[in-house]
1. Spin-label point model (7 Å from Cα, Cβ direction): what's the Met1 to Arg109 distance in nm?
2. Arranged from highest to lowest average of other beta-carbon atoms within 10 Å per residue, in what order do the peptides 346-354, 368-376 appear?
3. By how many nm would the segment from Asn195 to Phe29 grow when fully extended, if each residue of separation counts as 0.36 nm and the alpha-carbon distance is taken off?
4. If I take every Cα pair under 8 Å that is 6 or more residues apart in the stretch 5-105, average their sequence separation and divide by the length, what percent do I get for the relative contact order?
5. Only four residue types carry charge here, +1 at the Cβ of Lys and Arg and -1 at the Cβ of Asp and Glu. Report the dipole size of the chain about the Cα centre in Debye, rounded to the nearest 20.
6. Mind listing P(r) for the stretch 211-281? All alpha-carbon pairs, 5 Å bins, whole percents.
7. Zone of Lys264 (label point 7 Å along Cα→Cβ, backbone N under 16 Å): which residues in the stretch 377-392?
8. Given a Förster radius of 35 Å and the C-beta distance between Leu101 and Ala297 as r, what FRET efficiency does 1/(1 + (r/R0)^6) yield to the nearest 0.05?
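Read-outs: derived from the displayed coordinates by stated rules, not from any lab. Please read all numbers here as calculations on a predicted model, not as lab measurements. Note that we place each Cβ from the backbone using ideal geometry, even for glycine, and neighbour counts take in every protein chain shown.
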Amino acid sequence: MPPDIESFTLAYHYARHRTTADGDEGTGFTTRQEVNIIDLGLVAPDGVQVGASGSSKTEIQVGKTFATPGYRPFPLVPGEWRILLGAYKVAPQGVTVVYELTFSPKRMRLFKGDLHAHTLASDGVLAVDELARHALRHGLDFLAITDHNQPVSADSLPRLPGLTLIPGVEWTHYRGHANFLGVDQPYDEPFFANNLEEVRARFASAHRRGALISLNHPFDEQCPFLFDWSELPFDCLEIWNGPMRESNLRAVGLWQSLLSAGRKLPICGGSDYHRSQLFLFPGGPTTCVYAPSADPADILSGLRQGHAYVTFAPDGPVLEATAEEALLGDSVPFPGVREMQVKVEGLLAGDIVQVVTGSSSTPLLQADASGSFQGQYVMEAPGFARIEILRQFIPGLPNLPALIANPIYFDAS
Ligand SMILES: [Zn+2]
Ligand SMILES: [Zn+2]
């Protein structure tokens, strides 16, 4: 197994049957006998059996997030894997077995998902597998399960082809909420904390165990974040929670002020789905992440690096913004690099594509028809540049964000 493989397909074939025409007798009868039966299995480099399928399957696929039934999803560690060849039945003259191995290397691409959703394990109405199917039907590629103060383990999550489920928990306190994503058990103590010191201990434990921490809905009408978050370690600010509204716009304002002060803080969004209601659905909003594979670790790493943007729904606009090799969330040396290339698909008539920096908002386009856009923005000074798309969702009402992206940072060099 070479390094950086997302999945592989193993196929094998051999002459299983011998067909003999009863020509001399002229009866027209043809016999077909099963003369060879070769079984298949797979063993990982550490000696663990990945699966065994007898002779029932002639092709299998294995990756970290998905495997053909009979095999288990397995980390594709580089090294010597072994194919089990079971010679259950072999004709006296022997048999030739041919194996074909096809590797699918990891490659950077866009994954659409929801980082905040509740199930029956807290105050949601769907079981995890129902919620997962619901998310898949809404066109999502990943979904984080974030029940209030009730962590879920990765092993207990259902496996659905095409959907990456990320274990998580929404740490829920009367004075603030935060998502801890990607680990089974972010802390050993109970969730409650009586002072900032104890809150910091929960956050620090989650970080040590590798969780991605998002500070949730800081200005929510019911559950704002009241602890002093500047004293807490976190990776991501949830600037878009459920439908776009005043509290989310205030979170965007907070983020903008932090960016302007020089902090490189990635954003994320989540529907906070509990049950279907008007404007409430999985993927409302959708966080779109550029990652090299569907592995939860790769998706969370993409988020941590800011390779992401948030849009109002799974079928919202699609953005690609680069500065030379740099993606959203990356830093480049200014003035060596000063141009940001912008590509957007899925625009509607009236949409405004604008670049926001620490000191200005510059429209790149007001679309007069549906379609796509390709343009560029040139930085005049070091700082950050981020894309926002504004749309009039309801005639007569003001424009609202349809997409908010992490910046590219042009660092003074
Ligand atoms: Zn919450
Ligand atoms: Zn929530």
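1. 2.0 nm
2. Numbers: 346-354: 18.4, 368-376: 12.2.
Ranking the peptides 346-354, 368-376 by packing returns 346-354, 368-376.
3. Values: separation 166, 0.36 × 166 = 59.76 nm, distance 8.64 nm.
That works out to 51.1 nm of additional length.
4. Working: 201 pairs, mean separation 39.7, N = 101.
Rounded, it is 39 percent for the stretch 5-105.
5. Details: 30 positive and 46 negative charges, 51 e Å.
With only Lys, Arg, Asp and Glu charged at Cβ, the dipole is about 240 debye.
6. Over the stretch 211-281, the share of Cα pairs per 5 Å bin runs 3, 16, 26, 28, 16, 7, 4, 1 percent.
7. Correct set: 382-386.
8. 0.90
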